[in-house]
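Below: the structure, in structure tokens.
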Amino acid sequence: LLIGRMVEPTVIAHMERAQGAVAEYREVEGRRSVLQITFTLIYVLVALLLLLAAVWLGLAFADSLVTPLRRLINASERVREGDLSTRVADLGANDELGNLSRSFNRMTDQLESQRRDLIEANRQLDQRRQFTETVLAGVSAGVLGLDQEARINLPNKSATELLGLS
């Protein structure tokens, strides 16, 4: 005995879509491990890129802090070697490194100025001493120069002969 009944086309369409969805689900389930590995690799790659970017930014920031210090160290070494004309580039920053650079430059300016003044004072003293010695050498009488403790510090030639001094 065979009985037939007409089934509505929407029911058949729903059944076919359900069977298609089941087939697609099974296919996706089979590819799930490949998708998980792909997503994991993408995640690791993005994390590595972010880490490299963070390291690069950290190194750039550290270099921006170290470069002025390195310049200051090199300049202080040149000053230690006697080059008082050495200056550190002032970047105009109002932070501690900018203040340190400006202080270093003021210090070297003062040192250079004081050194010039000392050299000039020594040159003038040497000229005065030479002048005094020249004047005393021309005097035939014995002349002695004494310091504050009454010690002879500048005799002329006649005085050394009279006193028997060397």
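The values are calculated or read from the model by the stated rules, or taken from the named source; none is laboratory data. Because the structure is predicted, anything quoted here is derived from the model rather than measured. We place every Cβ from the backbone using ideal geometry, glycine too, and count neighbours over all the protein chains shown. Just so you know, the surface numbers come from the protein's heavy atoms only, side chains and all, with ligands and any DNA or RNA stripped out. Shrake-Rupley method; radii C 1.70, N 1.55, O 1.52, S 1.80 Å.
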List the residue pairs whose Cβ atoms are under 8 Å apart, where the first residue sits in segment 1-25 and is in contact (Cβ under 8 Å) with a residue 60 or more places away in the chain, the second is in a helix (DSSP H, G or I) and open to solvent by 100 Å² or more (accessible area, probe 1.4 Å), and the two are 6 or more positions apart or on different chains. none
May I ask you to list the residues in segment 133-166 that are open to solvent by less than 100 Å² (accessible area, probe 1.4 Å), of a type in the set (S, T, N, Q) and assigned to a loop (DSSP other than H, G, I, E, B)? N156
Residue list for segment 10-59, filter: exposed (fewer than 10 other Cβ atoms within 10 Å of the Cβ) and aliphatic (A, V, I, L, M): V11, V34
Yes/no for L91 being touching a helix residue (DSSP H, G or I) at 6+ places or on another chain (Cβ under 6 Å) and hydrophobic (A, V, I, L, M, F, W, C): no
Looking only at segment 133-159, which residues are touching a residue at least 12 places away in the same chain (Cβ under 8 Å) and not small (G, A, S)? E133, L136, V139, V143, L144, I152, L154, P155, N156, K157
Being open to solvent by 50 Å² or more (accessible area, probe 1.4 Å), within 43 Å of the chain's Cα centre (by Cα) and without any contact (Cβ under 8 Å) to a residue 24 or more places away in the chain narrows it down to one residue among Q114, Q130; which is it? Q114
Of everything in segment 45-70, what is modelled with pLDDT under 90 and either in contact with a Lys or Arg (Cβ under 9 Å, 6 or more places away or on another chain) or not polar (S, T, N, Q) (or both)? Give them in sequence order. L65, V66, P68, L69
Identify, please: which residue in segment 76-97 is part of a helix (DSSP H, G or I) and more than 11 Å from the chain's Cα centre (by Cα) and is, among those, surrounded by the most Cβ atoms within 10 Å (Cβ to Cβ)? V79
